[in-house]
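I have placed the structure first, in the form of structure tokens, so that the comments after it can refer back to it.
The values are calculated or read from the model by the stated rules, or taken from the named source; none is laboratory data. Note that the structure is a prediction, hence the values are computed from the model and not measured. Note that each Cβ is placed from the backbone with ideal geometry, even for glycine, and that neighbours are counted across all protein chains shown. Surface areas here come from the heavy atoms of the whole protein model, side chains and all, with no ligands, DNA or RNA. Shrake-Rupley method; radii C 1.70, N 1.55, O 1.52, S 1.80 Å.
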Amino acid sequence: MTTPLRSAAPAPPPPAAFGTTPPGPGQRLRDTARHYGPVLAMYGVLKLVGFGSFMYLLDSAGDFRKKHPRFGGGAHTWDVLGTWDGWWYQQIALHGYHPALVPVPGATGLITLQGNSAAFFPLYPALMRVAMEVTGLGPFGAGLLVSVVASFAAALGIFAVAARFGGRRAGLAAAGLWAVWPGSGVEWAVYSDSLYVALAAWALYAVLTRHWLTAGVLTFAAGLNRPTAAALVAALAPAAVLALRRREDGVARPLTAMLVAPLGLLGYLGWVGHRMGDYGGYFTLQSGAWGHEFDYGSQTLDVLTSVPVGHFGYLFALPFADVIGVGVVLLDLVLLPLLLRLRPPAVLVVHTVLTLALVLGSQQYFANVSRYLLPAFPLLLPLAVALRRVSLPCLCLVLGIAALASGSYAGYALFELGVP
């Protein structure tokens, strides 16, 4: 019989004895630093190792110097971090949006529309703009600053969720695994992934701890950041309905959370559609300009049956990065039943399963699947729970080796051998 995950969060400190002085701000700050400091330190060191490895590989190969500055190239190794989608985010931070469906003259194939910034959700570039105004940085520096800060917030959120069920050591392992997971190269780049995972992790934690208004606001914000927030919205709704049925937290808070949660996602899609004169305009743009659409897993199945036999005739084939993508998908499909065996709360299961369904059910650059699945971090729980039995030095050694290798499989493969 399988034992479900149980809350392993540390018990709250006992109330202060009568007549004693409660802890002041300084003591609370020290307690917080002791609790979260090791998580931030581990995550930061692992990311620095992976980042250094990535930069070394870029410099030693030198191929980026021959590429266009928009498409994986630049004058310096770090310029690569602001290419591909990063270029679009910088343009939005500088010039805002101009939603439109503009046909490519004479185009009859898969790509019939010109790329447009409306395909990229607004929260991340808005924070970039704020960082530019506050710090005086340019769009590239501001984008990196937002992503790095958000990545640490995401690591803390993942730690909080994992530690709630597997204890502090499991939380530490989960945050470390996320630092070296395939696709993690975008965590410190001009990309919105770290911000989304931070919002999703803390929204899920808020549901687990029954802070409904916080969960609703964070899910609202996530909907302004990435379209896969649909999975987060759908995960929050049944949890709120269950709370309403049980009358555990009253009516107002769960109901408000459920009503507020989808407004960010629906609001942006509605605004783009209104500006384009087509309320399905966002999806038309994604399909016509980038070849991204929901195909019920047809392309994923094509890749999964082609790559193992060395065939690369499918759409958007990028052999090296696709091999990594196939490995990620197979690993995630193995981890899913292991996660279900732990019987975590339904909100984690729904979010994870729907994230997998949205990503694997879509036609896209398959090489990107590793970063698109970064929000499915609850899949790390089975590994994190297993790793809590490992000594801390051994855990650091294993993750350190993975961090060194991640410069290739999680960074270089995405930006230089694929199209992130």
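Annotations
- Condition met for G50 (outside any loop (DSSP other than H, G, I, E, B), open to solvent by less than 20 Å² (accessible area, probe 1.4 Å) and either in contact with a Ser or Thr (Cβ under 8 Å, 6 or more places away or on another chain) or of a type outside the set (S, T, N, Q) (or both)): yes
- Scanning the range 96-134 for residues that are open to solvent by 30 Å² or more (accessible area, probe 1.4 Å), touching a residue at least 12 places away in the same chain (Cβ under 8 Å), in a helix (DSSP H, G or I) and not aliphatic (A, V, I, L, M) gives a single hit, R129.
- Subset of the range 151-165 [over 10 Å from the mean Cα position of the chain (by Cα) and either open to solvent by less than 10 Å² (accessible area, probe 1.4 Å) or among the aliphatic types (A, V, I, L, M) (or both)]: A153, A155, L156, G157, I158, F159, A160, V161, A162, A163
- Residue in the range 311-328 that is hydroxyl-bearing (S, T, Y) and under 23 Å from the mean Cα position of the chain (by Cα) present: no
- First in the range 211-238 and over 17 Å from L354 (Cα atoms), second anywhere and at pLDDT below 95 and part of a loop (DSSP other than H, G, I, E, B), Cβ under 8 Å, 6 or more apart: W212/D249
- Counted residues, the range 23-65 - those being over 16 Å from V80 (Cβ atoms) and either out of contact with any Asp or Glu (no Cβ under 8 Å at 6 or more places or on another chain) or small (G, A, S) (or both): 25
- Scanning the range 234-255 for residues that are farther than 17 Å from V349 by Cβ and either of a type outside the set (K, R) or assigned to a helix (DSSP H, G or I) (or both) returns L244, R245, R246, E248, D249, G250, V251, A252, R253, P254, L255.
- Members of the range 272-308 that are more than 16 Å from L318 (Cα to Cα), of a type in the set (F, W, Y) and in contact (Cβ under 8 Å) with a residue 24 or more places away in the chain: Y282, F294, Y296
- If only residues of the range 56-78 that are part of a helix (DSSP H, G or I) and without any contact (Cβ under 8 Å) to a residue 24 or more places away in the chain are counted, the one that is surrounded by the most Cβ atoms within 10 Å (Cβ to Cβ) is T77.
- Criterion applied to P25, P13, P4 was being within 30 Å of R210 (Cβ to Cβ), at pLDDT below 75, open to solvent by 70 Å² or more (accessible area, probe 1.4 Å) and in contact with a Pro (Cβ under 9 Å, 6 or more places away or on another chain), and the one residue passing it is P13.
- The residues in the range 213-233 that are open to solvent by less than 10 Å² (accessible area, probe 1.4 Å) and assigned to a helix (DSSP H, G or I) can be counted, and the count is 8.
- With respect to (1) open to solvent by 10 Å² or more (accessible area, probe 1.4 Å); (2) in contact with an Asp or Glu (Cβ under 9 Å, 6 or more places away or on another chain), the lone exception for A237 is condition (2).
- Residue within the range 261-273 that is more than 25 Å from L110 (Cα to Cα), assigned to a loop (DSSP other than H, G, I, E, B) and open to solvent by less than 70 Å² (accessible area, probe 1.4 Å) present: yes
- Test for F316: is it outside any helix (DSSP H, G or I) and either at pLDDT below 95 or not basic (K, R) (or both): yes
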